[in-house]
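Asker: Let me give you the structure first, and then I'll get to my questions.
The values are calculated or read from the model by the stated rules, or taken from the named source; none is laboratory data. These numbers come from a predicted model, not from an experiment. Positions of Cβ are backbone-derived with ideal geometry, glycine not excepted, and every protein chain shown enters the neighbour counts.
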Amino acid sequence: MQDFWFRLITPIAFSALFALLLWGIFSAIPALLFMLLVLMIVMARHGRQLYKLGQWLNDARLETIPEAGGIWDELFSQLYRMVKQLNQAEQGLAAELQHIEQATAALPEGVAILNEANRIEWCNPLAQMHFSLDIERDLMQDITYLVRQPEFIEYLHASNFSEPLVMKPARHDDMLLSIKLIPYGGNKRLLISRDITQLERIEAMRRDFVANVSHELRTPLTVVSGFVENLQDMPDISKENARRALQLMAEQTRRMDNLVADLLTLSRLENDQNPLREEIVDMGVLLNEIYQDGQMLSGGSHALRLEVLGNTKLLGNREELRSAFGNLLSNAIRYTPPGGAISLRWAERDGQPVFSVRDSGIGIDAQHIPRLTERFYRVDRSRSRETGGTGLGLAIVKHIAIRHQARLEVLSEEGKGSSFTLVFPTRRQMTDDR
Ligand code: ADP
């Protein structure tokens, strides 16, 4: 500060001394004229710097700050430091803001801030998607004009938000949203929206599955308990009738047993904690075993053929492969009338190991093919049951295929026959000499 006054006054003080000297040598007039000239020059210089400062303040950028000498140099240097600090603070704030924006964009939930009049003050991209909002256009709009479902408006005007609202958004009717309002900061509210479509689908699948299993078990249980009651009520039943009843009961018990076994296999295959234990499997040996099992199951009613070509070593789990191939062959036998032909084939297609079962059986109408691997999906319910099917065979095959990164291909024509093919990735093929 002292320095400032010293630098401001020094030239004027020196000029005044010089003016006094002039006064002493000449007279008052030249001294006053000199002093007037000096003050005018000083004023003009300060005026010029003030003008520059005024101009610069119109668009205060660091790189255009004016250059000056004397006391103005000090002033502009201070201004330069101030603007620089401000710029740095602004950049810091912008970076923080960007971080917050990135964090809210990455949130797995939609978030919108509503004011006391339900106007949207801010929302993240997911909230824009859930409610079909356009942030440029809809900011500070009343949300009840944009989301018009009556249940939503009712929820917004209610005072109890402890339970979320579940609703379908207007423009995505295949989506299900769970919506929650959280009041905060006096009169503001956070609107949180969560996409629960997948959760709801899994829940529906679980409900269907429980209903299906109960239904599958109910029929054999009803048969068995009916026979048991009959046997109790008829102590003098003939030996022949009792034998027939016991035979039918044994059949139903076997059915339940098969169902429980298939359910356990499926749950083991679906268990994430049960990774695939790999080994090198000799397909020649495995397919021979499966072929023998097929001969027994068919009881000589079908013409069975086995063809094993090329490299026979596959990296996979022997028991799982046996179960998948066995299921496909048992289906071919069960859905091919006596006298039909069934062929098992192991070969290479475009460098990929391929297993296929082809039959000349009843075939499948094209509309059913995409759903065959769903649990309990059957084209002909009674035929499946009569032949001891559980409706889970192809679901098991699909899971085993997934665990081996294989693809299941189904080709079929009603009345002509079907072919089920498992295409394995090339990397599972092992060299024969290993
Ligand atoms: P299922 O125990 O009923 O055979 P799967 O899951 O093995 O259950 O098969 C599902 C359905 O696919 C069967 O009910 C049957 O309608 C059909 N299917 C499977 N394999 C064949 C085949 N080789 N020929 C005709 N239909 C088949």
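Asker: Can you find a residue that is of a type in the set (Gly, Ala, Ser), part of a helix (DSSP H, G or I), free of Cβ contacts under 8 Å to residues at least 24 places away in the same chain and out of contact with any Asp or Glu (no Cβ under 6 Å at 6 or more places or on another chain) anywhere in segment 227-241?
Answerer: No, every residue in segment 227-241 fails to be of a type in the set (Gly, Ala, Ser), part of a helix (DSSP H, G or I), free of Cβ contacts under 8 Å to residues at least 24 places away in the same chain and out of contact with any Asp or Glu (no Cβ under 6 Å at 6 or more places or on another chain).
Asker: Scanning segment 317-335 for residues that are among the hydroxyl-bearing types (Ser, Thr, Tyr) and surrounded by fewer than 22 Cβ atoms within 10 Å (Cβ to Cβ), which turns out nearest to the chain's Cα centre (by Cα)?
Answerer: My answer is Ser323.
Asker: Out of all the residues in segment 377-434, which are in a helix (DSSP H, G or I) and more than 36 Å from the chain's Cα centre (by Cα)?
Answerer: Once the filter is applied, which keeps residues that are in a helix (DSSP H, G or I) and more than 36 Å from the chain's Cα centre (by Cα), segment 377-434 yields Ser382, Arg383, Ser384, Arg385, Glu386.
Asker: Related question: Give, as residue ranges, the helices (runs of 4 or more DSSP H) completely inside segment 47-151 that count at least 2 residues that are among the charged types (D, E, K, R) and not assigned by TED's automatic domain parsing to the domain that holds Pro169.
Answerer: Hits in segment 47-151: 70-106.
Asker: Every residue in segment 327-376 that is part of a strand (DSSP E or B) and either out of contact with any helix residue (DSSP H, G or I) (no Cβ under 7 Å at 6 or more places or on another chain) or within 8 Å of the ligand (Cβ to nearest atom) (or both), please.
Answerer: Residues satisfying the conditions are Ala341, Ser343, Arg345, Ala347, Glu348, Arg349, Val354, Ser356, Val357, Arg358, Asp359.
Asker: Go through (1) in contact (Cβ under 8 Å) with a residue 12 or more places away in the chain; (2) surrounded by 10 or more Cβ atoms within 10 Å (Cβ to Cβ); (3) within 19 Å of the chain's Cα centre (by Cα) one by one and return the number of the condition Leu190 breaks.
Answerer: So the condition that Leu190 fails would be (3).
Asker: Can you name the number of the only condition in (1) assigned to a loop (DSSP other than H, G, I, E, B); (2) within 36 Å of the chain's Cα centre (by Cα) that Leu314 fails?
Answerer: Every condition holds for Leu314 apart from (1).
Condition check ((1) closer than 20 Å to Pro337 by Cβ; (2) surrounded by 14 or more Cβ atoms within 10 Å (Cβ to Cβ)) across all residues:
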residue	(1), (2)
Pro370	no, no
Thr373	no, yes
Phe376	no, yes
Val379	yes, yes
Arg385	yes, yes
Gly391	no, yes
His399	no, yes
His404	no, yes
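Asker: Right, here's the next one. For the condition charged (D, E, K, R), in contact with a strand residue (DSSP E or B) (Cβ under 6 Å, 6 or more places away or on another chain), within 24 Å of Leu264 (Cα to Cα) and free of Cβ contacts under 8 Å to residues at least 60 places away in the same chain, what is the one hit in Arg322, Arg305, Arg318?
Answerer: Just one listed residue meets the conditions, Arg318.
Asker: Can you confirm whether segment 389-397 contains a residue that is more than 26 Å from Asp257 (Cβ to Cβ), within 11 Å of the ligand (Cβ to nearest atom), of a type in the set (Gly, Ala, Ser) and touching a helix residue (DSSP H, G or I) at 6+ places or on another chain (Cβ under 7 Å)?
Answerer: Scanning segment 389-397 turns up no residue that is more than 26 Å from Asp257 (Cβ to Cβ), within 11 Å of the ligand (Cβ to nearest atom), of a type in the set (Gly, Ala, Ser) and touching a helix residue (DSSP H, G or I) at 6+ places or on another chain (Cβ under 7 Å).
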